[in-house]
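The values are calculated or read from the model by the stated rules, or taken from the named source; none is laboratory data. Since the structure is predicted, the reported quantities are computational estimates derived from the model, not experimental observations. Note that we place each Cβ from the backbone using ideal geometry, even for glycine, and neighbour counts take in every protein chain shown. Only protein heavy atoms, including side chains, enter the accessible area calculation; ligands, DNA and RNA are left aside. Shrake-Rupley method; radii C 1.70, N 1.55, O 1.52, S 1.80 Å.
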Amino acid sequence: MKMIVCVKQVPDTAEVRIDPVTHTMIRDGVPSILNPEDANALEESLRIKDRHPGAKVIALTMGPPQAQAMLRECLAMGADEAVLLTDRAVAGADTWATANTIASAIRALGGAELIFVGRQAIDGDTAQVGPQLAERLGLPQVTYVQKLTTLEDGLLQVERRMEQGYEVLRVRTPVLLSAVKELNAPRCLSILGICEAYEKEIKILSIQDLDITPADTGLNASPTKVYRTFTPKTERAGVLWEEDAGRMAGKLLTALREKHVI
Amino acid sequence: MIHTDMQKLIRKSVRDFAQKEVAPLAAQIDETGEFPDELYQKLAKNNYFGITIPKEYGGTGAGYVVMCIVMEELARVCVSTTLHITSPNTLLGLPLANYGTPEQKKRYLLPEMRGEKEGTFALTEPGAGSDAASMKTTAVRDGDYYILNGRKTFITAAPVADFVVVFAVTDRSKGTRGITAFLVERGTPGFSTGKKERKMGVCGSPTSDVILDRVRVHKSQILGKEGEGFLMAMKTLDSGRIVVAAQCLGIAQSAMDEAVKYVKERQQFGRAIGNFQGIQFMLSDMETKINCARALIYDTAQKKDLGMNITKEAAMAKYFASEMCNDVAAKALQLHGGYGYMKDYPIERIFRNARVTTIYEGTSQIQQIVIAKQLLK
Ligand SMILES: Cc1cc2nc3c(=O)[nH]c(=O)nc-3n(C[C@H](O)[C@H](O)[C@H](O)COP(=O)(O)OP(=O)(O)OC[C@H]3O[C@@H](n4cnc5c(N)ncnc54)[C@H](O)[C@@H]3O)c2cc1C
């Protein structure tokens, strides 16, 4: 089975601050990481590969040259190949243009039986690229995958996380799946894995290698226009109680009733 | 020193592993003295036993800068864990990799790398510590066999070891050139280990005597050549010292982290104690010393990776870093006041763990002797 995992390098939002004047992210000195739910998608693909020797996992990203550091991490986890799609023409892409471009890159790689993505990237939180990608590729999709079992050749059983409970679905490949963090715990990297990741070659694609033109990608092909960004004010501060547990439970009960929570 | 991208990724991944897999167990390991086998297997799976050992013998060949990164990051959360890693990477693993026969590598080194067997290095004796060459353990030839008699003391991992590299005198008249290393397996008649020592720190690394009572071993169990055991041990010491220095660095860093956290929280005289200049001076001294050690350690490790001689540098790194981590841990405990003396705070364990580092793998005084010898030669 051939699997392509779409990954993104994102600023570690746990450490991001917002510039109070420009309302944009201060990226300076913020470490870049592999988007957490993409790591879940990669981990699950690697588990499929562990069960089915001969399967192949390709990590694909669209991003600046610095994203190679993240691809090395994907290789160290166990991906067979890593592909970086990098081009000035793709800069400034919104989710629509990104999906256009990545779909084209997947075609350039000869497609795959399983396209795995993370539910959303922590820098944008849109959760749109995965579903749009499936549409562009004309593939069925299951989002919010929290459990996956391979049944027979080309048949998967997945659990789709819902707000209350989950759905169990059977799907045939080729298919696009999006992973949520409940799916698995990504593996730790071994020293050998990291050393060997730095001996492998990262395949670099530019827009010339794709079946799209500069007009289909980047800022020009992005219908999303940012009107204004701002930091939401936290108007209601939390309340902190420190006293006898029994008393606090009573207080909590009253407070929740007052707010009509219970 | 500035790390490469690969080294940075290794640091990040070891830190991640340390936080997720080791830190939650550290207090329990210290308290019970039991090192979980599951954790041992995870260390093997991440190749932590074979960082300095070449790939063809089951290691990674990643070298000493990487080894120091791993030691530093793991020592920050659990020093006992690092004791399980030093031996396969240095005192035990290196002689096996450099002098072992193909058969010995297959039987001892490869399983050690995979975490299937744990070995140990037994040099010290009750009457022979710093002056290891004055050892009393003997090996007397008997046809194709040797008969070993004697007692080794303070041997790390002896209570759980599957095999031990034992140093014994084969020819007293030749002095240090009459000492030979033997691979002795647990289960060989006459081989036993003593009771587990009750130690001040590094409690998750069991220590005991190794007792040899007319133990008969075949000559094929000699590691290296007859009479070359002591020189072999001395040659691996440089590597061992730089690795212990990195362990000290991790200990000091953890003490520093705890100190900084605490002085920001603890309020006295109406403000956080970190606001007092007297305390700031202490913190600055601690931080400066830690970074002096860091610079010396990684510089030495890099020289080692480049194939340069590091005898003096490794001794200086071990000497400075071990004394430094005791100083920093003591100051960090002082900054905690009475709370630092209680087992509820991590600094209590850090302080106890620091203490052994100026003693094992050559005391500070022995490092000074090595440094001076290099200076005056
Ligand atoms: C937890 C732990 C684990 C250990 N693990 C191992 C192991 O796995 N394998 C192993 O073989 N050994 C091991 N050792 C032993 C360790 O290496 C020795 O304890 C160490 O070499 C010191 O020897 P000693 O204890 O006999 O002290 P001594 O040599 O008796 O030293 C006593 C004091 O005298 C000083 N001194 C000695 N000679 C001189 C001199 N010429 N000039 C100035 N000062 C001097 C020393 O610095 C020290 O302060 C371990 C020890 C400990 C505590």
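So, in nm, how far is label B:GLN368 from label A:ALA14 when the simple model puts each one 7 Å beyond its Cα toward the Cβ? Going by the 7 Å Cα→Cβ label model, 4.4 nm. Going by the alpha-carbon gyration tensor, a ≥ b ≥ c the square roots of its eigenvalues, is segment B:41-161 rounded (a/c under 1.5) or, if a/c is not under 1.5, prolate (a/b greater than b/c) versus oblate? Cα axes put segment B:41-161 in the oblate bin.
I want to make sure I understand the PRE zone here: with the label point 7 angstrom from the Cα of A:LYS181 toward its beta carbon, which residues in segment A:41-68 have backbone N atoms less than 18 Å away? From segment A:41-68, the list is A:41-44.
For the B and A pair, go ahead and give the buried accessible area with a 1.4 Å probe, both sides summed, in Å² to 100. Approximately 1400 Å², summed over both chains.
I need the helices of chain A that pass two filters: whole DSSP H segments spanning 18 Å or more by Cα along the axis, and mean Kyte-Doolittle score no lower than -1.0. It would help to have the intermediate numbers written out before the result.
Numbers: long enough: A:36-51 (23 Å, -1.29); A:95-108 (19 Å, 0.44); A:245-258 (20 Å, 0.06).
In chain A, the long hydrophobic H runs are A:95-108, A:245-258.
In debye, nearest 20: dipole of chain A around its Cα centre with unit charges on the Cβ of K, R (+) and D, E (-)? All intermediate terms of the calculation are to be shown ahead of the outcome.
Working: 30 positive and 35 negative charges, 99 e Å.
For chain A, the charge dipole is close to 480 debye.
A cysteine counts as unpartnered when no other cysteine's C-beta lies under 4.7 Å of its own; in chain B this applies to B:CYS68, B:CYS78, B:CYS203, B:CYS292. Scaled to the globular estimate 2.2 N^0.38 Å, the Cα spread of segment B:119-225, given as radius of gyration, is 1.03. In this rough spin-label picture, where each label sits 7 Å from Cα along the Cβ direction, the A:HIS52-A:THR22 distance is 4.6 nm.
For chain B, a simple Cβ point-charge model (Lys and Arg +1, Asp and Glu -1, everything else neutral) yields a dipole of about 440 debye relative to the Cα centre.
Summing charges over all other residues whose Cβ lies under 12 Å from the Cβ of B:GLY143, with Lys and Arg as +1 and Asp and Glu as -1, gives +1.
Mind checking the dipole of the protein assembly as shown: about its Cα centre, +1 per Lys or Arg Cβ, -1 per Asp or Glu Cβ, Debye to the nearest 20? Mind showing how you got there, number by number?
Numbers: 79 positive and 76 negative charges, 249 e Å.
Computed charge dipole of the protein assembly as shown: roughly 1200 debye.
In whole angstrom, note down how far apart the Cα centers of segment B:344-358 and segment B:1-65 are. Going from one Cα centre to the other spans 20 Å.
Summed over all non-identical Cα pairs, the Kirkwood treatment of chain B gives a radius of 21.3 Å.
Each Lys or Arg adds one and each Asp or Glu takes one away; over the other residues whose Cβ falls under 13 Å from the Cβ of B:GLN334, this sums to -2. Modelled this way, with points 7 Å down the Cα-to-C-beta line, the labels at B:ILE147 and B:TYR341 are 5.6 nm from one another. Quote the relative contact order of chain B in percent (integer), defining contacts as alpha-carbon pairs under 8 Å separated by 6+ residues. RCO, chain B: 16 percent.
Would you mind calculating the relative contact order of segment B:119-225 from Cα pairs under 8 angstrom and at least 6 residues apart, reporting the percent as a whole number? Write out the running numbers ahead of the final one.
On the way: 249 pairs, mean separation 33.2, N = 107.
For segment B:119-225, the relative contact order is 31 percent.
With Cα atoms defining each centre, segment B:86-121 and segment A:58-135 are spaced 43 Å apart in the structure.
In this structure, B:MET1 and B:GLN280 have a Cβ-Cβ separation that, at R0 = 30 Å, corresponds to a calculated FRET efficiency of about 0.65. Of B:GLY307, B:PHE230, B:ALA27, which is farthest on the positive side of the dipole of the protein assembly as shown, counting Cα position, with +1 on Lys and Arg Cβ, -1 on Asp and Glu Cβ, and the Cα centre as origin? Farthest along the dipole direction, towards plus: B:PHE230.
Ignoring aspartates and glutamates fewer than eight residues from B:LYS12 along the same chain, the ones with Cα atoms less than 15 angstrom from its Cα are A:ASP12, A:GLU73, B:GLU21, B:GLU72, B:GLU73. Taking 17 Å as the cut-off, the amide N atoms of segment A:51-69 that come nearer than this to a point 7 Å along the Cα-to-beta-carbon line of A:ALA91 belong to A:62-68. The helix-based estimate of mean residue ellipticity at 222 nm for the protein assembly as shown, built from -39,500 (n - 2.57) per DSSP H run of four or more residues and divided by its residue count, is -12500 deg cm²/dmol to the nearest 500. Partners of A:LYS259 within straight-line reach, counting lysines whose Cα lies under 20 Å from its Cα and excluding those fewer than 8 residues away in the same chain: A:LYS251.
Once you have the alpha carbon radius of gyration of the protein assembly as shown, what is it after dividing by 2.2 N^0.38 Å, with N set to its residue count? Display every interim value, and only then the final one.
Numbers: Rg = 29.1 Å, N = 639, 2.2 N^0.38 = 25.6 Å.
With N residues counted in the protein assembly as shown, Rg over 2.2 N^0.38 Å equals 1.14.
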